[in-house]
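Notes for the one structure printed next.
The values are calculated or read from the model by the stated rules, or taken from the named source; none is laboratory data. This one's a predicted model, so the numbers in the text were calculated from it and none came from an experiment. Every residue, glycine as well, gets a Cβ built from its backbone with ideal geometry; the counts of neighbours run over all protein chains shown. Calculation scope for accessible area: heavy atoms of the full protein, side chains included, ligands and nucleic acids excluded. Shrake-Rupley method; radii C 1.70, N 1.55, O 1.52, S 1.80 Å.
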Amino acid sequence: MSILNFPTLWSKARKKGSPYVTIWELLHLDLILVFALSLLLVVGLIILYSAANQEVVVLNRQILRLALAWLVLFVCAQIPPQRYLFWAPYFFAVSLGLLIAVLLLGHIGKGAKRWLDVGFIRIQPSELLKISLPMMLAYYFHDKSLPPRLGNVIVAFLIIFIPAGLIAKQPDLGTALLITGSGLAVLVFAGLSWRWLVGALVSVVCIAPLMWHFMHTYQRERILTFLNPERDPLGSGYHIIQSKIALGSGGLFGKGWLQGTQSHLQFLPEHATDFIFAVCGEEFGLVGTLILISINLLIVGRALYISMQASDTFSRLLAGGLTLTFFISFFVNTGMVTGLLPVVGIPLPLVSYGGTSMVTLMAGLGIVMSIATRRKLIAA
Amino acid sequence: MKKHNTLKNHAQEVRLFYQRTLFIGGVLIFLVLCLVARLFWLQIIQNRFYLTLSQQNHISFLPIEPKRGLIYDRNGMLIAENTPVFNLEVMAGRKKQMLNLIDEISKIIPISQTEKELFLKQLKQKRLYQEVTLKIKLTEEELATFYVNQFRFPGVSVKARLSRHYPEGPLFSPVLGYVGRINEHELKQLDASNYAASDYMGKLGIEKFYEFLLHGRVGYQQVEVDASGHVVRVLQRILPVSGENLFLSIDSHLQHVAYDALKGEVGAVVAIDPQNGQVLALVSYPAYDPNLFVAGLTNQQYQDIQADPTQPLYNRALRGQYSMGSTIKPFLALAALDEGIIAAEDKIYDVGYYQIKGNQHIYHDWKRTGHGVVDLKRAIAESCDTYFYQLSMKLGIERIDNTLWDFGFGDLTQLDVGEEVSGLVASPSWKKKRLGQAWFPGDTLNAGIGQGYMLATPVQLAHATATLAAKGQGYLPTLLLLRQQESGRLLRTLPRKEEVIEIEPSHWQTIHLAMQQVIASPAGTAHYLNRGLKYSMAGKTGTAQVFSLKQNQKYNAAMLPKELRDNKIFIAFAPIDQPKIAVAVVTEHSLKATLIARTVMDAYLEEQANHPAN
């Protein structure tokens, strides 16, 4: 308690009347979000230690990535929203350009072109779009009167579907759906007419068969398997069957930490990455999964609250879009692991082993924090 | 203008954003509730179902092969043992993969075509990750070569296993048979769970007959396996129950003597203890090495054995059907005495042939000049055909058949080894049915000297001789003496008494003495056996013209000159007053049967004299 209260007391004593009331605001960090994120990271590391078969090397690497992610969050939080507003179109243009570049000369990883090798670092442009797309939409709407008119909506659709289509072509259906989802969320935040919303839903249902036609065989496989995992129990249905066994066998309290047979005996594939939620469910049961869900809800709820408190359109839409990106990542991953949604390769935010998406999401939350701590400045 | 617009709508926009945020928040909460409901369904309601699936995933039962029971002779000499061998085993995978693997392995360890074929055949029966034997009995050199290169072959390992071994090779093969790899057809008939870990089963002989005792009960270990089938740890073990050790009535020494005596011949020796029906020796010569069948014969080896004109795979002691020749005579004489048709003192005058009244056909005695005045004793000692022509005429075929049946001819002796055939006691109805001809008086005459349709196996002859020696108290011949269970408990096999053949004791005595004269009388047909004889011995020689038996047809063609020679059959028992051994010897196209019988008897009785405690 005292640790949490200390900075507040300290700053109140030292800087009464200043706009920077707390040290957290001085650092442009949101206390609740930092607390929830730390909790998630600790829980995530505990699960990962078990999922990675107690290999300290794996844990060390993850901690290193986490440190990098925190650094990125911190840096992003220091940049004021006006700067983002100014850079938004350029950032979007660059990430779109990289996306095109990756299609032309990208590296192939696991059957898909996603990486761009720039010598010292490998860039995954689709990750950049998780931030630049909501940012671009927020930029586009920031000086338009809301709710948007038809012409604006059409432009917004173009902003969403051009990169989404390019990403789907890599093919990376998961990320494509993710940015489409967060883009559409920005539109909803912006006040898209209900009539159009319903119309869009109906048209999606109509377009679905057409989409089917353009899908890759493996994508169709995944959807067919999602509808009936027993169709191919040793092939593409294997993942989801084993994942459900892991979750279901966990029960209320789970088999205990490091005691999960599904992951430790290698029955559950990708148990340290995409399917780590099933490890949590197996070892900590329903209690464990509910705790994980609660922490995520706390993060999303706090971020939504921050976006509501934001003082200008750009900040509101950007914070809302980034929050939805985080939520969709979480929901698509858990939905996939529990068999609610088809298997698409999206990691569990901040828990799955792997760096790229973690850094992106933390950057997004850094921007949210930047917005959280600067509402008064802009409002003035 | 733009600025004005924004400012104008500011409050409205904030309200709009509030509404939309609340709406989206509602949607998110709805989605999360879906997720929670799903988790509740999976983790609480379906928990038991998935728990079972999870256990099925990682808990697996591995069978443990029971140790096969050992086989000993009556003196406790080991005649079938289990020896450790090192086998090359491969974890089953896809066929194409396996073929490549074999190619690689064969570069360092020779893998024959047969081994490869056997492996592929077994592969079909096994599941993924089960181990399949590629090569058995690796030599030390091969072992060393493999270990040096082992890192190149994941999934290939050397396993120490127990393999059946018959230390005496072919000596006991007519008794023991052999074990061999279980084939697909056999697999369907076996108790699959009990044989889950076994690759071998008894295929012939004692090994097959007492398979249910020798095999034992399979054990299991409950193990935890990972997704690729590797055992992580053992959770629980149910030990297998070893097969029972069997002690046979066979006397190895006697078996050896009989086997050696038969060398150079083609034939069989069966020796039985008349006091209880225990088989003391059962030899068929030539014999095969059963160890070859354990390893699995190569095509070449199999063809060589098949092409051997002496047919080593043919178990003559149990399956050889021979004309009885004059060995039939004591049994018929006994019947005639019992029926009162003749008396022992009755004499006939033998002119060298016999004629049926009102028939021109002449039935010759083997001695063309005739035996002169002949009574029963002389008729048996000198094997007078004319005497038995008239005896069988008086007896008639019906009583001849009944007598033979009483002594167990024409039917299986039920020796506990299986395999045997029934021989033949020919009757008018049989002839009618099989040949479509009437029974002629000549057929009865031929039967009277054992030259007709009658056929007997050596084991039947030995059994009948034992019954004769025991004066009508027969025993079904048996091989199993004792069973020793894993716990050490011993189970003794009781002699299997047969119905007593009720004939007056004096008649038995008469026949015994007449049979003694075969050896003791200077005119006896086996008088040459009398030299140096230290015990009393009764016997009867028999000479049989070779019949074109189905089994022998191929054989005859291959050995035409020798084929013309007769088979020699000799039955005997000793000592006369307290018979301890009855033997039947058959030598195909050779006269040595009598000498072999003497050698066997000498070995048994003189050895017994040295060790009376047996």
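Among the residues of region B:353-370, just one is β-branched (Val, Ile, Thr) and part of a strand (DSSP E or B), namely B:ILE362. Is it the case that A:GLN54 is farther than 22 Å from A:PRO134 by Cβ and outside any helix (DSSP H, G or I)? Judged against the criteria, A:GLN54 is a match.
Each residue in region B:260-298 was checked for being under 23 Å from B:ASN567 (Cα atoms), open to solvent by 30 Å² or more (accessible area, probe 1.4 Å) and outside any loop (DSSP other than H, G, I, E, B), and 2 pass. Within region B:506-539, being of a type in the set (S, T, N, Q) and in contact with a helix residue (DSSP H, G or I) (Cβ under 9 Å, 6 or more places away or on another chain) holds for B:SER506, B:THR510, B:GLN516, B:GLN517, B:SER521, B:THR525, B:ASN530, B:SER536.
Give me the residue from region B:145-175 that is out of contact with any Pro (no Cβ under 9 Å at 6 or more places or on another chain) and at pLDDT 90 or above and, out of that set, farthest from B:ASP260 (Cα to Cα). If we take residues in region B:145-175 being out of contact with any Pro (no Cβ under 9 Å at 6 or more places or on another chain) and at pLDDT 90 or above, then B:HIS165 is farthest from B:ASP260 (Cα to Cα). Within region B:218-254, the set of residues being open to solvent by less than 10 Å² (accessible area, probe 1.4 Å) and either small (Gly, Ala, Ser) or assigned to a loop (DSSP other than H, G, I, E, B) (or both) comprises B:GLY219, B:GLY243, B:SER249, B:ILE250, B:ASP251, B:SER252. Take region B:34-72 and flag every residue that is under 30 Å from B:PHE247 (Cβ atoms) and either touching a His at 6+ places or on another chain (Cβ under 7 Å) or within 9 Å of another protein chain (Cβ to nearest Cβ) (or both). Hits for region B:34-72 are B:PRO66, B:ARG68. Taken together, the criteria exclude B:SER506 from residues that are hydroxyl-bearing (Ser, Thr, Tyr), buried (at least 18 other Cβ atoms within 10 Å of the Cβ), at pLDDT below 95 and in the same structural domain as B:SER326 (by TED's automatic domain parsing).
Restricting attention to region B:487-535, the residues that are of a type in the set (Val, Ile, Thr) and outside any loop (DSSP other than H, G, I, E, B) total 4. Considering only region A:236-245, state which residues are touching a helix residue (DSSP H, G or I) at 6+ places or on another chain (Cβ under 8 Å) and more than 7 Å from every other protein chain (Cβ to nearest Cβ). Passing the criteria: A:SER236, A:GLY237, A:ILE240, A:ILE241, A:GLN242, A:SER243. Summed over region B:371-414, residues that are buried (at least 21 other Cβ atoms within 10 Å of the Cβ), assigned to a loop (DSSP other than H, G, I, E, B) and touching a Pro at 6+ places or on another chain (Cβ under 8 Å) total 1. Only one residue in A:THR373, A:THR360, A:THR338, A:THR289 is at pLDDT below 95, within 11 Å of chain B (Cβ to nearest Cβ) and open to solvent by less than 30 Å² (accessible area, probe 1.4 Å). Which one? Testing whether each residue is at pLDDT below 95, within 11 Å of chain B (Cβ to nearest Cβ) and open to solvent by less than 30 Å² (accessible area, probe 1.4 Å) leaves just A:THR338. Against the condition under 18 Å from the mean Cα position of the chain (by Cα) and basic (Lys, Arg), how does B:LYS137 come out, does it pass? In short, no. B:ARG565 meets the conditions (1) under 17 Å from B:LEU262 (Cβ atoms); (2) at pLDDT below 90; (3) not in a loop (DSSP other than H, G, I, E, B) in every case but one. The failed one is (3). Return yes or no: is A:LEU146 buried (at least 17 other Cβ atoms within 10 Å of the Cβ), in contact with an Asp or Glu (Cβ under 6 Å, 6 or more places away or on another chain) and within 14 Å of chain B (Cβ to nearest Cβ)? Yes: the conditions hold for A:LEU146.
Being among the small types (Gly, Ala, Ser), surrounded by fewer than 19 Cβ atoms within 10 Å (Cβ to Cβ), more than 52 Å from the chain's Cα centre (by Cα) and within 21 Å of A:PHE141 (Cα to Cα) is true of B:ALA11. Taken together, A:HIS239, A:HIS271 contain a single residue that is modelled with pLDDT under 90, of a type outside the set (Gly, Ala, Ser), crowded, with 21+ Cβ neighbours inside 10 Å and part of a helix (DSSP H, G or I), which is A:HIS239. Take the conditions (1) open to solvent by less than 40 Å² (accessible area, probe 1.4 Å); (2) small (Gly, Ala, Ser); (3) modelled with pLDDT of 85 or more; B:ALA92 misses just one of them, which is (3).
Would you say B:LEU123 is without any contact (Cβ under 8 Å) to a residue 40 or more places away in the chain, assigned to a helix (DSSP H, G or I), surrounded by 13 or more Cβ atoms within 10 Å (Cβ to Cβ) and assigned by TED's automatic domain parsing to the domain that holds B:LEU187? For B:LEU123, the condition - without any contact (Cβ under 8 Å) to a residue 40 or more places away in the chain, assigned to a helix (DSSP H, G or I), surrounded by 13 or more Cβ atoms within 10 Å (Cβ to Cβ) and assigned by TED's automatic domain parsing to the domain that holds B:LEU187 - is met. Considering the conditions (1) surrounded by fewer than 13 Cβ atoms within 10 Å (Cβ to Cβ); (2) under 22 Å from B:ASN82 (Cα atoms); (3) of a type in the set (Val, Ile, Thr), B:VAL158 is excluded by exactly one of them, (1). Scanning region B:494-503 for residues that are under 17 Å from B:ASN276 (Cα atoms) and open to solvent by 100 Å² or more (accessible area, probe 1.4 Å) yields B:LEU494, B:LYS497, B:GLU499. Regarding region A:258-273, can at least one residue be identified that is in contact with a strand residue (DSSP E or B) (Cβ under 7 Å, 6 or more places away or on another chain) and among the hydrophobic types (A, V, I, L, M, F, W, C)? Yes, because at least one residue in region A:258-273 is in contact with a strand residue (DSSP E or B) (Cβ under 7 Å, 6 or more places away or on another chain) and among the hydrophobic types (A, V, I, L, M, F, W, C). Screening B:ASN446 against (1) outside any loop (DSSP other than H, G, I, E, B); (2) touching a residue at least 12 places away in the same chain (Cβ under 8 Å) leaves a single unmet condition, (2).
Would you pick out the residues in region A:295-325 that are more than 8 Å from chain B (Cβ to nearest Cβ) and either of a type in the set (Asp, Glu) or closer than 15 Å to A:VAL34 by Cα (or both)? Within region A:295-325, A:ILE295, A:ASN296, A:LEU298, A:ILE299, A:ARG302, A:ALA303, A:TYR305, A:ILE306, A:ASP312, A:THR323 qualify. What about A:PHE331, is it over 21 Å from A:HIS142 (Cβ atoms) and either hydrophobic (A, V, I, L, M, F, W, C) or open to solvent by 10 Å² or more (accessible area, probe 1.4 Å) (or both)? Yes: the conditions hold for A:PHE331.
Note on region B:309-340: residues that are open to solvent by 40 Å² or more (accessible area, probe 1.4 Å), touching a residue at least 24 places away in the same chain (Cβ under 8 Å) and part of a loop (DSSP other than H, G, I, E, B) amount to 3.
Reported count of residues in region B:464-482, each being under 30 Å from B:ASP375 (Cα atoms) and either open to solvent by 10 Å² or more (accessible area, probe 1.4 Å) or among the small types (Gly, Ala, Ser) (or both), is 8.
For region B:483-493, does any single residue satisfy the condition of being in contact (Cβ under 8 Å) with a residue 40 or more places away in the chain and crowded, with 20+ Cβ neighbours inside 10 Å? There is no residue in region B:483-493 that is in contact (Cβ under 8 Å) with a residue 40 or more places away in the chain and crowded, with 20+ Cβ neighbours inside 10 Å.
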